[in-house]
Amino acid sequence: MLRQFFNVSTYNVAEWIPFLRIVAVPFIFLTILLDVRIYTGILYLATFSTDALDGFVARTYQLVTRRFAKLDSTGDVLMLLVGLYGFYFFETEYFLYYRIPIVLVVSLYLLQQIISLIRFRTTTSFHTVIAKASAVLQTIFFSSMFIFGFIPWLFYAMIAISIVETIEETVLLFIFRESKYNVKGLYWVLKDKQS
């Protein structure tokens with residue numbers, strides 16, 4: 001499975017886009033280490049913009065595959081991790097002050113992945129509507145924080161939607177009997193079950 005995941009010679013157009021996002025992560029990390037906030041923010045925002053593009057290409061040309069979903073999820077997680085590291089690097093005081101909500105969100109996400117691994121032997125790739133909104137808000141927060149500095153209300157909004165997202169996806173794990181990807185959300189799943 002891992003070999004197929006990184007077999008770039010077999011990627012379709014949609015799969016290349018999240019793969020390039022994964023490749024960009026070390027460059028964002030480098031701008032953080034070089035202490036160039038504005039370049040970190042610009043590169044972070046530019047890299048994330050591919051997230052909307054890959055979804056559009058995949059849906060338009062019917063290229064949504066399990067591998068695409070995994071690449072997309074991997075890219076999202078790596079972007080979040082490098083964003084958190086940049087947060088710690090550039091705004092250490094705020095990061096440590098708000099460590100409890102940060103640890104809460106990360107813990108909920110890890111719990112969700114552990115449950116998924118136990119139930120389905122794979123990580124989640126739901127890409128729900130709330131997850132997409134959460135990714136957008138995370139990007140807005142990190143990019144603006146890198147360029148302009150820490151914005152408290154944006155941080156709280158990001159934390160709130162991230163908590164809602166992880167709770168929704170954890171609930172979905174107990175509803176499904178097998179691993180699913182590209183699920184719109186709990187509302188639509190329950191609506192389908194009723195009909």
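The values are calculated or read from the model by the stated rules, or taken from the named source; none is laboratory data. A quick note: this is a predicted structure, and the numbers were derived from the prediction, not measured. Methodologically, a virtual Cβ is constructed for each residue, glycine included, from the backbone with ideal geometry; neighbour enumeration extends over all protein chains shown.
Out of all the residues in the stretch 120-140, is one or more under 20 Å from residue 47 (Cα atoms) and either over 14 Å from the mean Cα position of the chain (by Cα) or basic (Lys, Arg) (or both)? Yes: the stretch 120-140 contains one or more residues that are under 20 Å from residue 47 (Cα atoms) and either over 14 Å from the mean Cα position of the chain (by Cα) or basic (Lys, Arg) (or both). Contact map, the stretch 158-170: first residue at positive phi, second residue among the basic types (Lys, Arg) and not in a helix (DSSP H, G or I), Cβ cut-off under 9 Å, separation 6 or more or different chains; the map is empty. There is at least one residue in the stretch 43-61 that is out of contact with any His (no Cβ under 9 Å at 6 or more places or on another chain), assigned to a loop (DSSP other than H, G, I, E, B) and either touching a residue at least 12 places away in the same chain (Cβ under 8 Å) or over 24 Å from residue 137 (Cα atoms) (or both). Taking the stretch 1-42 as the range and being at pLDDT 85 or above, of a type outside the set (Asp, Glu) and not in a helix (DSSP H, G or I) as the test, the residues that pass are 34, 36.
The one condition from (1) farther than 18 Å from residue 42 by Cα; (2) part of a helix (DSSP H, G or I); (3) among the β-branched types (Val, Ile, Thr) that residue 82 does not meet is (1).
Looking for something free of Cβ contacts under 8 Å to residues at least 24 places away in the same chain, in contact with a helix residue (DSSP H, G or I) (Cβ under 6 Å, 6 or more places away or on another chain) and part of a helix (DSSP H, G or I) - is there at least one such residue anywhere in the stretch 87-100?
Restricting attention to the stretch 87-100, the residues satisfying the condition of being free of Cβ contacts under 8 Å to residues at least 24 places away in the same chain are 88, 92-93, 95-97, 99-100.
Filter once more, so that each one left must be in contact with a helix residue (DSSP H, G or I) (Cβ under 6 Å, 6 or more places away or on another chain): 88, 95.
Now drop any that are not part of a helix (DSSP H, G or I), which leaves 88, 95.
Yes, the stretch 87-100 contains at least one residue that is free of Cβ contacts under 8 Å to residues at least 24 places away in the same chain, in contact with a helix residue (DSSP H, G or I) (Cβ under 6 Å, 6 or more places away or on another chain) and part of a helix (DSSP H, G or I).
When residues of the stretch 147-184 are filtered for being among the aromatic types (Phe, Trp, Tyr), in a helix (DSSP H, G or I) and within 18 Å of the chain's Cα centre (by Cα), how many remain?
Keep residues of the stretch 147-184 that are among the aromatic types (Phe, Trp, Tyr), which gives 148, 150, 153, 155-156, 174, 176, 181.
Filter once more, keeping what is in a helix (DSSP H, G or I): 148, 153, 155-156, 174.
Checking the rest, the ones that are also within 18 Å of the chain's Cα centre (by Cα) come to 155-156.
Counting residues in the stretch 147-184 that are among the aromatic types (Phe, Trp, Tyr), in a helix (DSSP H, G or I) and within 18 Å of the chain's Cα centre (by Cα) gives 2.
Exactly one residue among 120, 150, 126 is modelled with pLDDT under 95, surrounded by 16 or more Cβ atoms within 10 Å (Cβ to Cβ), farther than 14 Å from residue 80 by Cβ and not hydroxyl-bearing (Ser, Thr, Tyr), and that residue is 126. Residues of the stretch 95-117 that are surrounded by 17 or more Cβ atoms within 10 Å (Cβ to Cβ) and either basic (Lys, Arg) or more than 20 Å from the chain's Cα centre (by Cα) (or both): 98 alone. For the stretch 43-82, the candidate set comprises residues that are among the aliphatic types (A, V, I, L, M) and within 12 Å of residue 15 (Cα to Cα); within that set, the residue that is modelled with the highest pLDDT is 71.
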